[in-house]
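Working notes for the structure below.
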Amino acid sequence: MRDLILDTDIGVDDAYALRLALLTGRLLGVTTTYGNESIDKTTKNAKLSLRKWQCQDVGVCRGASQPLVKPRIISDGHIFGQDGLGDHYENPETPDAPDAISYIVNCARERPGEITLATIGPLTNLALALNLEPRLPSLLRQVISMGGAFGKNGHTGNMTHFAEFNIYCDPHAAEQVFAAPFNHVLIPIDMTHDVIIDEQEMKAYQDDFLYNISLFYLDFSEKYEKFRGMCVHDALTLVYFEHPEFFEETRTPIAVSTAGITLGQTHRRLSSYQSIPDDVMRGRPEHTVILNGDVKAIKEFMLERMLGGKA
Ligand code: RIB
Ligand code: CA
């Protein structure tokens, strides 16, 4: 039964998530957003990736080209290359596609309670879909998102000291989404920074496309981190989709800073005291935040899946 939609700003770690999504056999469609790159490039990248994996029966829909309020962050290509996929392959794909927002809403309306949406870029598309269909939280089965930073395990922001990239791209969208009663699981860099794949592990996946698009980032990582490896942030949403038992779940409301020096910072309720004034948290729905997980089990599952195993 195909019951998963992947919303992506497909860059390199997104491609690992897309591969895992395809290997579940449950991927219904892909929706694209700006983020790592422009909406034109991410839409072309999604189409190229599906073609490289000889996947003709999963459609691509095109979403938001910019955030709700703040200007779009323009990438300089130093992490994932100018095209967002490591500048390795020519990409003859076109950037046009059907509208992503209506696609998400229509799928949820047609199959209430059945569809899971995994978001691995800014939350702009989900916020726009919520504005289009206010019943969306009750129509989607679950939303699993990569994003946020709560300072656990020493992991603070990766865009600023406070903010993680996906949330920082559109904090207003994130604030709207987390204030809504979605069955929402958020996997922040507190967790994703603990799952690093080195070059040998990438080669073990025996996926030439994934390895080739990763080379640009591996060179960047070697130059600045003295290590050839990558945090596969986005892939963890798909690991959770199939094996939530690998992860430690914390229930908490989530608030997002939408101004000032902490712009894009995600806040959770802390057991000993509120990280922000209690009145901001009061009345907010609780969501699930993943701060820890079984890294060994996560990596073993990813390898088995990439090798075509049914883990
Ligand atoms: O902070 C990590 C996130 O930012 C990932 O989704 C990665 O693809 C980048 O978009
Ligand atoms: Ca991403």
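Taken together, the values in this text are just the output of simple stated rules run on the coordinates, not laboratory data. Predicted model only: the values in this text are computed from it and were never measured. No Cβ is skipped: glycine too gets one built from the backbone with ideal geometry, and neighbour counts run over all protein chains shown.
Placing a label point 7 Å from the Cα of residue 208 along the Cα-to-Cβ line, the residues of the stretch 65-107 whose backbone N sits under 20 Å from it are 85-93. When the Gaussian network model of the chain links Cα atoms closer than 10 Å, the mean-square fluctuations of 147, 11, 59 top out at 59.
Each residue, residue 245 and residue 183, gets one label point 7 Å from its Cα in the Cβ direction; the gap between the two is 1.8 nm.
Around the amide H of residue 254, modelled in the peptide plane, lie the amide H atoms of 287, all under 5 Å away and 5 or more residues distant in sequence or on another chain. Annotation: amide H of residue 158 within the under-5 Å range of 163, 164, 165, sequence separation 5 or more or interchain, hydrogens built in the peptide plane.
Per-residue Karplus couplings for the stretch 238-245, computed as 6.51 cos²θ - 1.76 cosθ + 1.60 with θ equal to phi - 60°, are listed in order as 6, 5, 4, 3, 9, 9, x, 5 Hz, Gly and Pro entered as x.
Each of 16, 224 has some number of other Cβ atoms within 10 Å of its Cβ, and from fewest to most they run 224, 16. Largest GNM mean-square fluctuation among 265, 82, 54, using the chain with Cα springs under 10 Å: 54. Taken over the chain, the ratio of Cα radius of gyration to 2.2 N^0.38 Å equals 0.92. Answer rounded, prolate or oblate for the stretch 1-137, using the Cα gyration tensor with square roots of eigenvalues a ≥ b ≥ c: rounded when a/c is under 1.5, else prolate when a/b is larger than b/c, else oblate. Taking the square roots of the gyration eigenvalues as a ≥ b ≥ c, the stretch 1-137 is oblate. Here the residues 13, 57, 7, ranked from fewest to most Cβ neighbours within 10 Å of their Cβ, fall in the order 57, 13, 7. Model label sites at residue 153 and residue 40, defined 7 Å from Cα along the beta-carbon direction, differ in position by 3.8 nm. Per-residue Karplus couplings for the stretch 205-218, computed as 6.51 cos²θ - 1.76 cosθ + 1.60 with θ equal to phi - 60°, are listed in order as 5, 6, 10, 4, 4, 4, 5, 5, 6, 8, 4, 4, 5, 4 Hz, Gly and Pro entered as x.
Over the chain, Cα pairs under 8 Å with separation of 6+ residues give a relative contact order of 19 percent. Packing-based ranking of 66-74, 254-262, 17-25 yields 17-25, 254-262, 66-74, ordered from highest to lowest mean Cβ neighbour count within 10 Å.
Among the lysines of the chain, pairs at least eight places apart or on separate chains and with Cα atoms under 24 Å apart come to 18.
In this label model, residue 280 and residue 96 are separated by 4.4 nm, measuring between points 7 Å along each Cα→Cβ vector. The phi-based Karplus calculation (6.51 cos²θ - 1.76 cosθ + 1.60; θ = phi - 60°) puts the 3J(HN,Hα) values of the stretch 91-96 at 10, x, 5, 8, x, 8 Hz, whole numbers, x for Gly and Pro. Paramagnetic label reach from residue 299 (point 7 Å along Cα→Cβ; backbone nitrogen cut-off under 12 Å): within the stretch 174-197, residues 194-197.
Charge tally for residue 229 (other residues, Cβ to Cβ under 14 Å; Lys, Arg +1; Asp, Glu -1): -3.
If you run the Gaussian network model on the chain, springs between alpha carbon atoms under 10 Å, then out of 188, 137, 122 the most flexible one is 137.
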